[in-house]
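> Provided herewith is a single structure, encoded as structure tokens, for subsequent inquiry.
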Amino acid sequence: MLWIAIRMLTGDAQKFYGLLFGIAFSTLLITQQLTIFVNLIERGASGVFNAPEAEVWVMDPVSRTTDVNYAMPSTALDEVRSVPGVEWAVPHLRAVASVRTGTGDLEGVAIIGVDDATLIGMPENMVSETKSVLSQPDSVVIDDGGVFNLFENGEDPIGQRLELNDQRAVIRGVADSIPSFTSQVVLYTKYSQALNYVPGTRNRLTFVLAGVTEGETAAGVADRIEEQTGLKAETREEFADAGVDFIVENTGIPTNFGITVVLGFVVGVAIVGLTFSLFIRDNIKQFGALKAIGVTNSKIVGMVSAQAALVGAVGYALGVIGTVTFIWAFSGNPFFKGFYIPWQIPLISLAAVVIILAITGWIALRSVLNTEPASVFR
Amino acid sequence: MNAESAICARGIIRDFQAGQSTIRVLHGIDTDIRSGEMTYVVGESGSGKTTLISIMCGILWPTEGEVQVFGTDIYSLSDTELVNFRLNNIGFIFQQYNLIPSIDAASNAAVPLIAKGMAIGPAREKAIELLEKLNISDQANKLPNQLSGGQQQRVAIARALVHEPRLVVCDEPTAALDASSGRRVMDLLREVAVAPDRACIIVTHDNRIFDLADRILVLEDGRVTHDGTDMPEDH
């Protein structure tokens with residue numbers, strides 16, 4: 001009977017494709033929007049991920065994220081270095097500045113000052129040149145996303161001069177970094193150089209990045225740093241989470257994406273529900289005839305379930321393929337750099353599809369089960 | 001119950017609710033349907049013939065009364081038992097055929113066998129054998145919408161007989177057919193459906209085919225007013 005059920009469904013091409021469209025559209029909307037949402041909020045932690053060597057981030061107690069920070073006195077570096085379990089500690093400066101581009105426009109940029117000697121604090125990989133270019137005078141390394149923002153005409157950024165807070169800066173390399181939440185241009189430079197680029201205030205050391213000695217845990221060393229220095233110290237994972245949480249708590253993004261996801265679900269229920277109901281209504285005489293002939297209700301339930309399962313499986317697959325295609329198609333766009341589909345998202349959209357089909361299938365099934373076999377004689 | 005009776009109906013009453021009021025459609029009908037006969041149930045619209053046939057074949061519960069089909073009190077069976085009883089013992093031919101539009105004629109004819117659990121291949125083969133008897137095996141692979149009304153009715157007949165039921169129930173089998181097609185279908189039905197161990201009940205008001213009946217029950221206002229081999233003079 002399942003074969004008959006499937007043929008009944010696929011034989012009505014208009015409704016079959018309508019149902020597939022409904023499920024595929026819902027899956028696409030839910031999966032794609034959740035993917036963008038997750039990747040976007042994860043960018044709240046991009047500052048942490050772009051400094052892969054740092055196991056512990058030390059900061060002023062009021063600092064919350066890599067971008068929401070309050071500078072410390074430079075003595076904080078020595079205090080951290082004196083804590084047992086700290087293998088190394090380097091200064092890290094993060095500030096904003098304005099840069100005047102070749103066309104005369106002003107662009108807000110993030111300045112990141114990394115340790116002069118070790119260059120700890122820079123992204124792991126470079127797109128062009130090497131990290132050592134920072135040893136040259138007035139050198140900055142731009143992030144690859146920033147190249148698209150500052151050089152829209154496709155110019156080669158290497159060797160380009162910038163006016164950075166009235167100081168000269170020369171781009172000598174391009175870093176392969178994860179874009180920030182705001183996709184702001186990021187310029188990496190040595191810590192000592194960064195102090196020249198940002199306006200002078202008494203304290204300009206925003207973070208101390210630390211590594212832990214062998215046999216110690218990052219969490220244990222972070223606790224010890226807090227105890228001994230009175231500063232705030234977080235492990236890499238804790239600080240990354242703090243960046244994500246800050247975006248979730250302080251922006252309307254979860255609400256906006258949540259609304260879109262709910263709309264995807266509602267649209268799915270509406271399209272699939274309506275089409276499924278029309279399909280059942282068109283075939284109610286046939287279902288009635290089957291019941292009269294001697295097909296049990298449990299077999300009818302099996303038939304409608306098989307129809308729902310087929311629509312769900314194909315529609316869901318199309319929706320997920322659509323999302324993968326979307327991510328792949330836009331992978332060259334710097335906004336979508338590094339986007340991936342976390343494995344939990346297809347499971348969430350699968351659950352949504354199952355719920356959509358359970359609701360609409362149940363509504364459709366009710367009318368079939370309520371159909372009296374005797375109605376075929378009327 | 002009469003030993004020859006396929007169906008023995010006693011004291012059948014059926015009421016329907018219409019808003020606040022109750023309408024009695026059948027008023028205590030007692031009748032027997034015998035195997036080996038083609039029995040017509042005729043009457044005006046609203047006389048209760050469809051209700052009676054529905055009750056006699058186990059798809060509509062009577063308000064009162066008892067129906068035995070081949071010795072089984074069908075309304076004492078559980079729902080599942082009754083459904084299985086219908087599947088094993090009764091073949092249906094509906095006025096609008098109710099063929100499944102997206103499967104071909106052979107598969108439509110094979111539906112009862114598939115419902116009984118037979119694999120599609122053998123079920124189709126058996127259905128095609130029957131379609132051959134009905135002279136439309138050349139249409140076996142066509143969808144219902146590619147067949148004429150008469151051909152669709154033959155597929156419906158094949159579906160009603162393919163599982164070799166002991167009772168065949170037809171609802172207005174000629175209503176959607178022209179006179180000659182209707183006559184041919186009824187001749188065919190008489191040839192393939194009537195057997196010594198099988199009863200055939202036909203609900204109709206098509207007086208063009210009354211002469212093919214072995215027995216005619218006339219219903220008026222929910223009561224049997226005539227039971228004989230011919231139609232009464234005043235009809």
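The values are calculated or read from the model by the stated rules, or taken from the named source; none is laboratory data. What you see is a predicted model; the values in this text were computed from it and never measured. In this analysis, Cβ positions are derived from the backbone assuming ideal geometry, glycine residues included, and neighbour counts consider all displayed protein chains.
> So residue B:144 fits all but one of (1) in contact with a Pro (Cβ under 6 Å, 6 or more places away or on another chain); (2) more than 26 Å from residue A:301 (Cβ to Cβ); what number is the exception?
Answer for residue B:144: the failing condition is (2).
> Another question, if that's okay. Do you know which residues across the stretch B:73-107 are out of contact with any Phe, Trp or Tyr (no Cβ under 8 Å at 6 or more places or on another chain), part of a helix (DSSP H, G or I) and more than 9 Å from chain A (Cβ to nearest Cβ)? So that I can check it myself, show each step before the final result.
Looking only at the stretch B:73-107, we keep the residues that are out of contact with any Phe, Trp or Tyr (no Cβ under 8 Å at 6 or more places or on another chain), and these are B:73, B:76, B:78-81, B:83-88, B:90-93, B:96-107.
Pick out the ones that are also part of a helix (DSSP H, G or I) and you get B:76, B:79-81, B:83-88, B:105-107.
Result: B:76, B:81, B:105, B:106.
> Name every residue in the stretch A:258-305 that is within 20 Å of residue B:116 (Cα to Cα) and away from chain B (no Cβ under 14 Å), in order of residue number.
Matches in the stretch A:258-305: A:304, A:305.
> Is it the case, given these coordinates, that residue A:345 is away from chain B (no Cβ under 14 Å), assigned to a helix (DSSP H, G or I) and within 30 Å of residue A:148 (Cα to Cα)?
Details: away from chain B (no Cβ under 14 Å): yes; assigned to a helix (DSSP H, G or I): yes; within 30 Å of residue A:148 (Cα to Cα): yes.
Answer is yes for this residue.
> Next question. Need at least 1 residues that are under 27 Å from the mean Cα position of the chain (by Cα), at pLDDT below 95 and among the aromatic types (Phe, Trp, Tyr) per element, so show me which helices (runs of 4 or more DSSP H) inside the stretch A:141-249 make the cut, counting only ones lying wholly within it. First the steps, then the outcome.
Working: elements: A:144-150, A:191-197, A:218-229.
Passing ranges, in order: A:144-150.
> Sticking with this one: Applying the selection to the stretch B:191-204, what residues are modelled with pLDDT of 80 or more and not aliphatic (A, V, I, L, M)?
The answer is B:196, B:197, B:198, B:200, B:204.
> Given the conditions (1) in contact (Cβ under 8 Å) with a residue 40 or more places away in the chain; (2) over 19 Å from residue A:38 (Cβ atoms), which single one is not true for residue A:296?
Going through the list (1) in contact (Cβ under 8 Å) with a residue 40 or more places away in the chain; (2) over 19 Å from residue A:38 (Cβ atoms), residue A:296 breaks only (1).
> While we're on this one: Return the total of residues in the stretch B:87-114 being more than 20 Å from residue A:374 (Cα to Cα) and of a type in the set (A, V, I, L, M).
The total comes to 7.
> Checking residue B:64 against (1) at pLDDT 90 or above; (2) within 10 Å of chain A (Cβ to nearest Cβ), only one condition comes out false. Which one?
Result: residue B:64 passes all but (2).
> Answer yes or no as to whether residue A:49 is surrounded by fewer than 20 Cβ atoms within 10 Å (Cβ to Cβ), at pLDDT 90 or above, under 22 Å from the mean Cα position of the chain (by Cα) and under 30 Å from residue A:260 (Cβ atoms).
Numbers: surrounded by fewer than 20 Cβ atoms within 10 Å (Cβ to Cβ): yes; at pLDDT 90 or above: yes; under 22 Å from the mean Cα position of the chain (by Cα): yes; under 30 Å from residue A:260 (Cβ atoms): yes.
Judged against the criteria, residue A:49 is a match.
> In this structure, is residue B:187 more than 14 Å from every other protein chain (Cβ to nearest Cβ), closer than 24 Å to residue B:34 by Cα and touching a residue at least 24 places away in the same chain (Cβ under 8 Å)? Walk me through it before giving the result.
Working: more than 14 Å from every other protein chain (Cβ to nearest Cβ): yes; closer than 24 Å to residue B:34 by Cα: yes; touching a residue at least 24 places away in the same chain (Cβ under 8 Å): yes.
When the stated conditions are applied, residue B:187 passes them.
> Which of the residues belonging to the stretch B:108-123 are closer than 23 Å to residue B:188 by Cα, within 11 Å of chain A (Cβ to nearest Cβ) and outside any loop (DSSP other than H, G, I, E, B)?
B:108, B:111, B:112, B:113, B:123
> List the residue pairs whose Cβ atoms are under 7 Å apart, where the first residue sits in the stretch A:302-317 and is aliphatic (A, V, I, L, M), the second is not in a helix (DSSP H, G or I), and the two are 6 or more positions apart or on different chains.
Close Cβ pairs (under 7 Å, with a partner that is not in a helix (DSSP H, G or I)) amount to A:303/A:1.
> Name, by its number, the condition in (1) at pLDDT 90 or above; (2) within 14 Å of chain B (Cβ to nearest Cβ) that does not hold for residue A:4.
With respect to (1) at pLDDT 90 or above; (2) within 14 Å of chain B (Cβ to nearest Cβ), residue A:4 is out only on (1).
> Taking only the stretch A:101-140 into account, find how many residues are part of a loop (DSSP other than H, G, I, E, B), under 13 Å from residue A:162 (Cα atoms) and within 28 Å of the chain's Cα centre (by Cα).
First, the residues of the stretch A:101-140 that are part of a loop (DSSP other than H, G, I, E, B): A:101-105, A:115-119, A:121, A:123-124, A:129-130, A:136-138.
From the residues that got through so far, the ones that are under 13 Å from residue A:162 (Cα atoms) too are A:101-105, A:138.
Filter once more, keeping what is within 28 Å of the chain's Cα centre (by Cα): none.
Matching residues across the stretch A:101-140 total 0.
> Hey, another quick one. Name the single residue that is surrounded by the fewest Cβ atoms within 10 Å (Cβ to Cβ) among those in the stretch B:40-54 being aliphatic (A, V, I, L, M) and either within 12 Å of chain A (Cβ to nearest Cβ) or under 15 Å from residue B:5 (Cβ atoms) (or both). So that I can check it myself, show each step before the final result.
Restricting attention to the stretch B:40-54, the residues satisfying the condition of being aliphatic (A, V, I, L, M) are B:41-42, B:52-53.
If we keep only those that are either within 12 Å of chain A (Cβ to nearest Cβ) or under 15 Å from residue B:5 (Cβ atoms) (or both) too, we end up with B:41, B:52-53.
Values: B:41: 28, B:52: 27, B:53: 23.
Ranking the qualifying residues of the stretch B:40-54, first place goes to B:53.
> On to the next question. Any residue in the stretch B:136-144 that is within 17 Å of residue A:4 (Cβ to Cβ) and in a helix (DSSP H, G or I)?
Checking the stretch B:136-144: at least one residue is within 17 Å of residue A:4 (Cβ to Cβ) and in a helix (DSSP H, G or I).
> Here is a list of conditions, (1) under 39 Å from the mean Cα position of the chain (by Cα); (2) crowded, with 22+ Cβ neighbours inside 10 Å, and residue A:303 meets all of them except one; can you say which number that is?
(1)
> On to the next question. Considering (1) within 14 Å of chain A (Cβ to nearest Cβ); (2) part of a loop (DSSP other than H, G, I, E, B), say which one residue B:168 fails and leave the rest.
The failed condition is (2).
> Looking at the stretch B:64-88 only, could you name the residues that are in contact (Cβ under 8 Å) with a residue 60 or more places away in the chain and not hydrophobic (A, V, I, L, M, F, W, C)?
B:68, B:71, B:88
> A follow-up question, please. Of these, A:20, A:2, A:28, A:77, which one is surrounded by fewer than 16 Cβ atoms within 10 Å (Cβ to Cβ) and in contact (Cβ under 8 Å) with a residue 60 or more places away in the chain? Write out each step before concluding.
Values: A:20 fails: surrounded by fewer than 16 Cβ atoms within 10 Å (Cβ to Cβ); A:28 fails: surrounded by fewer than 16 Cβ atoms within 10 Å (Cβ to Cβ); A:77 fails: surrounded by fewer than 16 Cβ atoms within 10 Å (Cβ to Cβ).
Sole residue among the options that is surrounded by fewer than 16 Cβ atoms within 10 Å (Cβ to Cβ) and in contact (Cβ under 8 Å) with a residue 60 or more places away in the chain: A:2.
> Surrounded by fewer than 23 Cβ atoms within 10 Å (Cβ to Cβ), acidic (Asp, Glu) and within 17 Å of the chain's Cα centre (by Cα): which single residue out of B:132, B:64, B:37 fits that description?
On the way: B:132 fails: within 17 Å of the chain's Cα centre (by Cα); B:64 fails: within 17 Å of the chain's Cα centre (by Cα).
Criteria check complete, one pass: B:37.
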